[in-house]
Ligand SMILES: Cc1cc2nc3c(=O)[nH]c(=O)nc-3n(C[C@H](O)[C@H](O)[C@H](O)COP(=O)(O)OP(=O)(O)OC[C@H]3O[C@@H](n4cnc5c(N)ncnc54)[C@H](O)[C@@H]3O)c2cc1C
C-alpha cells in the first residue's frame, strides 16, 4: 500500500508523475535541485507531440507514443481547465521532405494504422508557400501537434502547488537513497532526509551512472541538443517541416523554432555560435525567407538518453521501494502521459495501459 511517495527531479516526467500519483490520493513530495522546476531538458525541447521519425523507433516506444498521442488533447484540456494556463496544443501536421526511408515510413504507418501518407511535392509547395526549392518528395502526417513546453510546465506546476497532498521542495539536491530492512525508505538530500513508502527517480540526464554504484547496469547519458528561435508573421508557416534531420516548428503567434543537434559532450550545456550558424543555414534551406529574420534566441538542453531511447519505467530489482521513470531521450513530451500512467499502474499494482515488460529495469540489466 502506497500512501506517501518521494519524486526526485521536476522536469516534465517528475511533475507529471507527481500529478498522476497525487490524483490517486497519494501524498507526494517532489524534490528539485534547481531553484525552479522544469528548467532543464523539459524547458529546452521543441514540444512536438510525435517522435521525429516514428518508424525508426523501437516498437515499445510506438506502443507508449500511440497511447499518449491519442489522449494528448484530453490531457491538455484537463491542464488548461485546472490551471487557466494554455499550453497551446497546436495541430499543424508534419511534412517530412526528401526522406531516404520513405517506403519504410509508409509500411510502418500501415502496420500501426497511423495517418501518414505520401503527398505530391506540388501540394506541399501550395500548402507551405515559403518552402525552399530542392525538395522532390514528401510524406505527411496530418494529426501531429506541438505544445509550448514552458507553458505546459507552468500549467502543471500551478496545479500541483494547489493540491493539498503535494509538497514541492526546490533547491533540494538528492544525494543518495536510505535503506532499512531490505527496502528503500527515503532519500538524503542537500537540505534534509525525507522518508516515504516509495521513491521515484525522474532526474532525466542526471541519472548518469548513479545506479552502477548499487551494482546495477542501468545508465542514462546526456545528449545535448541546440535550438534557435525566430519571430515571423503569425501565418508564416502553417505546418512543421523536417528535412535532412532538422525541423522548423511553428507556434501560433509566429515564433518558429528550428532544431536540433545531437551532441554527446557530457554535461556541457553551452550553446555554441558554430551550431547557431549551422541551424540558421538549415532553416534558410527549408524556408529561405528566414535569411531576412533575426535569430532572437538560442539555447541548448540535455536529453536523457537511455539505451535505444526506451525509458526505464518500473521498480529497481533488489531495491524494493525504489522506482525509475527516466531516460525518455528525444520523446519526453510525447511519452510523458503514457509513461506516468504506466508507472502509476505498476506502483498501484493494477492493470497496465501497455505491456510493461520492455521498460522494466529488471528486464534491462
Ligand atoms: C533540443 C531538444 C529538443 C527536444 N524536442 C522534443 C520534442 O519535440 N518532443 C518531445 O517529446 N521531446 C523532445 N525533447 C526531449 C524532451 O525534452 C525530454 O525527453 C524531456 O524533457 C525529459 O524530461 P525529464 O523530466 O526526464 O528530464 P529534465 O527535464 O531534464 O528534468 C530532470 C530534472 O531533474 C532534476 N535533477 C537532476 N538531478 C537531481 C538531483 N540529484 N536532485 C534533485 N533534482 C535533480 C533536474 O534539475 C531537472 O529539473 C527535446 C529535448 C531537447 C534537448
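Report for the chain the percent antiparallel among DSSP-assigned beta bridges with both residues inside it, nearest 5. Counting DSSP beta bridges with both partners in the chain, the antiparallel share is about 70 percent.
For the chain, what's the relative contact order in percent, using C-alpha pairs closer than 8 Å and at least 6 residues apart? Contact order relative to length: 23 percent. Residue order for 126, 251, 330, fewest other beta carbons within 10 angstrom first, comes to 126, 251, 330.
In summary, the convex hull built on the alpha carbon positions of the stretch 248-361 has an orientation-averaged projected area of 9.9 nm². Kirkwood-type hydrodynamic radius, the stretch 236-297: 12.5 Å, calculated from all non-identical alpha-carbon pairs.
For the stretch 1-68 and the stretch 100-141, write down the distance between their C-alpha centroids in whole Å. Cα centres, the stretch 1-68 to the stretch 100-141: 31 Å.
What does the convex hull of the alpha-carbon atoms of the stretch 140-247 project to on average, in nm²?
11.7
Distance from the C-alpha centroid of the stretch 325-356 to that of the stretch 212-282: 24 Å, rounded to the whole angstrom.
In plain terms, the C-alpha convex hull of the stretch 181-293 casts an average shadow of 11.1 nm² when viewed from every direction. Angle of helix 149-161 to the longest C-alpha principal axis of the chain, folded into 0 to 90 degrees and rounded to 10: 30°. Projected onto its three principal axes, the C-alpha set of the stretch 1-109 covers 49, 32, 27 Å, listed from the longest axis down.
Using alpha carbons only, how many degrees (0 to 90, rounded to 10) separate the axis of helix 273-286 from the longest principal axis of the chain? The answer is roughly 50 degrees. In whole angstrom, the stretch 140-181 maps to an equivalent ellipsoid with semi-axes of 33, 17, 11, each derived as √(5λ) from the alpha carbon gyration tensor and ordered largest first. Between residue 293 and residue 86, the distance separating the two model label sites (each 7 Å from Cα on the Cα→Cβ line) works out to 2.0 nm. Evaluate E = 1/(1 + (r/R0)^6) for residue 356 and residue 133, where r is the Cβ-Cβ distance and R0 equals 45 Å; express this FRET efficiency to the nearest 0.05. Result of the calculation: an efficiency of 0.40. The percentage of C-alpha pairs in the chain whose separation is greater than 38 Å is 17%.
Please state the shape class of the stretch 100-163: rounded when a/c is under 1.5, otherwise prolate if a/b exceeds b/c and oblate if not, all from the C-alpha gyration tensor.
Note, shape of the stretch 100-163 comes out oblate.
Using a simple spin-label model with pseudo-atoms 7 Å out from Cα toward Cβ, residue 117 and residue 102 lie 1.5 nm apart. Between the Cα long axis of helix 332-347 and the first principal axis of the chain there is an angle of about 30°, rounded to the nearest 10. Residue ranges 183-189, 351-357 sort as 183-189, 351-357 when ordered by packing (mean number of other C-beta atoms within 10 Å per residue, highest first).
Each value in this text was obtained by applying a stated rule to the coordinates, not by laboratory testing. As the structure is a computational prediction, the values presented were derived from the model and not from experiment. Ideal geometry is used to build each Cβ from the backbone, glycine not excepted, and the neighbour counts take in all protein chains shown.
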